[in-house]
Each structure stands twice: as C-alpha cells, then as structure tokens.
C-alpha cells in the first residue's frame with residue numbers, strides 16, 4: 001500500500017498548493033464582472049469571504065508565521081456552476097460532509113455548529129476533551145491520522161476537506177504531502193489573531209464550509225455580546241487593577257506571552273494589568289530570570305500556564321519560586337482544571353474559541369465579586385498538597 005502511495009506521489013507532485021496560486025489577470029477579470037457581497041468581520045483580520053451568486057471566495061491571509069502569501073478557496077453547492085471560473089483555485093463542494101481536523105481549536109467551531117458528526121479524522125485523539133466527539137471516537141467514527149498526518153491514512157478516509165494549520169513550513173509539518181496527493185487542504189490561521197474575539201470569529205470561517213453562515217453569525221454575536229458586557233462591567237474598576245504575570249522559568253529564561261497577544265488582551269479586559277505589557281514579539285517573549293524575579297516584586301497574580309497541579313509541583317521544579325510574594329499570598333492559578341485522563345487539556349481546545357467564558361474565569365480570579373455566580377472552568381488555584 002505504501003509503495004502505491006509513493007507511486008501516486010511521483011505522478012502528482014505539482015509544487016505549490018493550488019490554493020496559494022496567485023490570482024491570474026484572467027481570474028481577476030472574471031471576478032471583476034461579477035456582483036458580490038463581502039461578509040464583514042467585526043474583529044478577525046486573517047480571513048475574508050466574498051459571496052457571489054453561485055459561489056463564495058474565501059481568502060486566508062498569510063497563515064504562516066513567516067510570510068507566505070494568501071490562500072484562496074472557491075466554495076460552491078454545485079461545482080458545475082463555476083467550472084470556468086478561476087481554474088487555478090482549489091474548489092470545494094459545500095456543505096462538506098467528511099472532515100479531517102489537525103488542531104483541537106478546530107473542534108469547538110464544529111461542535112458549536114452541530115457538525116461534530118462530520119469529523120472523520122483527527123491528528124491525536126488523546127487530546128480531545130469534547131464529550132460528544134469522544135463518544136464518536138469510542139464508536140470508531142473518528143480515526144487518528146497522526147501528527148504530522150499520515151498521508152496513507154488520510155487518503156483512505158477520502159475527506160472532503162482537511163483543516164490544517166502551519167506555523168513554519170507545510171513541507172516540514174506534513175501538509176505538503178497531502179497537497180501533493182490532491183487532498184483538499186485548507187489552512188486555518190485563527191491562532192495568528194491578536195485579540196480574543198478575533199480568534200473566536202473564525203467560527204464564521206468553519207461555517208462557510210458547512211453552509212451554516214447564519215448560525216455562525218448568531219453564535220458569534222452571543223459570544224461577542226457576553227464578552228463585551230463583562231468587559232464593560234469590570235472596566236469601571238480602574239483603580240483596582242492587579243498586576244499579573246504569566247509563564248515560567250525555562251533554563252534561566254522566562255517565557256511569557258507577547259504584550260500584544262490575544263491572551264494579554266484577555267487579562268486587560270478582565271480588569272488587570274500585564275507586567276510585561278510593553279514587550280512584544282511574533283511569538284512568546286524571552287525575559288532574563290533576573291529581570292523576571294525583580295518584576296515579580298510587583299505581581300499580585302501568577303498564571304504559569306503549564307502542567308503544575310499544586311504548589312509542590314512548582315517548588316519541585318524550582319525552589320526559587322518560594323521567594324515570590326505571589327507564592328506567599330497563594331495567588332497562583334493554572335489553566336489545567338479540565339484535563340482528560342489521557343492528558344488532553346480542554347483549555348487548548350475550547351477556552352481559546354470561547355473567550356466569553358475564558359474572560360469570566362479570569363474575572364472570577366482577579367475580581368471575584370464581579371462574577372459571583374461563575375464557577376471556574378479552566379483555571380484552578382494551586383494549593384499545598386494536603
């Protein structure tokens with residue numbers, strides 16, 4: 001079977017993805033003569049959708065950390081109606097019925113849109129937390145495809161679409177091999193958004209493939225309204241903003257989110273200030289341990305964002321943490337309150353796509369009186385081992 005795959009590779013290698021092909025002058029001319037409605041995003045900047053009479057043009061803007069250009073997709077209920085339009089662009093019949101997803105953040109939009117039963121493959125099943133999707137796994141409706149994805153397994157599933165992400169290079173992460181087999185790969189770049197609501201708005205991106213745009217709009221509006229309502233409520237507490245640190249020491253270097261990251265936006269919207277707000281980078285920022293220790297003198301809350309289950313775990317890793325005032329005050333909260341028996345953390349699956357609920361968690365930590373009815377979902381206070 002694997003030899004057969006190699007033979008197919010030799011026949012189908014075609015270089016760059018069709019989706020990434022630059023729109024030709026002929027294609028641009030065709031589109032210029034057609035009327036369309038732009039689907040307006042309130043926050044997301046990484047994708048755009050134009051709705052034409054018989055199809056949608058979906059564009060993902062530079063989905064990689066390194067500059068890569070835009071990726072374009074044509075979505076239509078009947079592909080015959082767009083046979084002569086922009087032939088170099090990857091086209092998909094919608095609604096798609098068989099989906100392979102490669103990131104846990106791709107799962108929540110499917111479940112929110114009632115499309116979890118369309119999922120037939122996932123990169124690493126042990127990371128799944130959704131009860132609905134895990135029931136499908138137990139029923140053998142979803143197959144593990146591996147990370148990077150095994151092309152033989154993916155090909156055998158005959159998916160209508162593979163939702164992928166790439167941080168560096170598609171050839172390194174196994175995606176290019178799928179493209180060479182003409183498996184329809186679509187890049188999802190929600191992780192590159194800079195604000196929580198922008199990331200959540202990618203539910204509209206998933207909905208475009210499911211032909212459930214109205215449902216996605218309603219779902220997102222609910223998330224947006226709940227988020228902004230709570231944000232406005234705590235904004236009045238301007239004089240009571242605690243200082244928050246995130247991350248931990250890694251071999252003498254403190255790794256923490258960039259000051260312009262979506263998570264730091266959450267911290268600020270939850271009525272707190274981030275100690276390293278002025279530091280920015282493409283990814284995490286690196287801070288000398290000496291500087292971090294000094295800065296911690298002013299920190300009231302610490303969110304390590306790792307696997308520590310209690311304060312014993314913290315001290316076992318580095319006894320220097322005992323000197324932190326935030327340790328003495330026991331104001332350390334970790335985002336591993338909802339972890340399945342296999343080690344999959346729901347924070348990395350659902351929390352990032354439901355910023356309304358994640359914001360409520362943070363408000364409960366920083367200003368508990370402002371969220372009296374809310375019970376922590378993803379965060380828990382680290383305590384001494386009894």
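Compute the length gained on full extension between residue 253 and residue 70: take 0.36 nm times their separation in residues and subtract their Cα-Cα distance, giving the result in nm to one decimal.
Using 0.36 nm per residue and subtracting the Cα-Cα distance, I get 62.4 nm.
Sort 128-136, 105-113 by the packing proxy (mean of other Cβ within 10 Å over each peptide's residues), most packed first. Working shown, then result.
Values: 128-136: 17.6, 105-113: 22.7.
Result, highest mean Cβ count within 10 Å first: 105-113, 128-136.
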Using 10 Å bins from zero, what percent of all Cα-Cα pairs in segment 231-386 falls into each bin?
11, 41, 39, 10, 0
Based on the Cβ-Cβ distance from residue 132 to residue 78, what FRET efficiency comes out when R0 is 25 Å, to the nearest 0.05?
0.20
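So what is the 222 nm mean residue ellipticity for the chain from helices alone, if each DSSP H run of at least 4 adds -39500 (n - 2.57) and you divide by all residues, rounding to the nearest 500 deg cm²/dmol? Mind showing how you got there, number by number?
Working: 14 runs with 120 residues, N = 386.
Taking each H run of at least 4 residues, the total per residue is -8500 deg cm²/dmol.
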If you average the C-alpha positions of segment 338-377 and of segment 252-312 separately, how far apart do those two centres end up, in angstrom?
18
Can you tell me the 0 to 90 degree angle between the C-alpha axis of helix 213-235 and the longest principal axis of the chain, rounded to 10?
20
Determine, for each peptide in 151-159, 257-265, the mean count of other beta carbons within 10 angstrom over its residues, then list the peptides with the highest first.
257-265, 151-159
What is the angle, in °, between the Cα long axis of helix 355-366 and the longest principal axis of the Cα atoms in the chain? Nearest 10 is fine, range 0 to 90.
10
Förster radius 30 Å - calculated FRET efficiency between residue 235 and residue 297, Cβ distance, rounded to 0.05
0.65
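If contacts are Cα pairs under 8 angstrom and at least 6 residues apart, what is the relative contact order of the chain in percent?
Across the chain, relative contact order equals 14 percent.
Between residue 290 and residue 62, what FRET efficiency comes out of the Förster formula 1/(1 + (r/R0)^6) with R0 = 51 Å and r the beta carbon distance, rounded to 0.05?
Working: r = 36 Å, r/R0 = 0.71.
E(calc), rounded to 0.05, equals 0.90.
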Inter-label distance for residue 88 and residue 26, nm, one decimal - labels placed 7 Å from Cα along Cα-to-Cβ:
1.0
What order, most packed first, do the peptides 330-338, 182-190 have when packing is the mean number of other Cβ atoms within 10 Å of each residue?
182-190, 330-338
Tell me the angle of helix 2-12 to the major Cα principal axis of the chain, expressed in degrees between 0 and 90 and rounded to the nearest ten.
70
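The numbers here are math on the coordinates, done by the rules we state, and not lab data. All values reported here derive from a predicted model rather than from experimental measurement. Neighbour counts run over all protein chains shown; Cβ positions are idealised from the backbone, glycine included.
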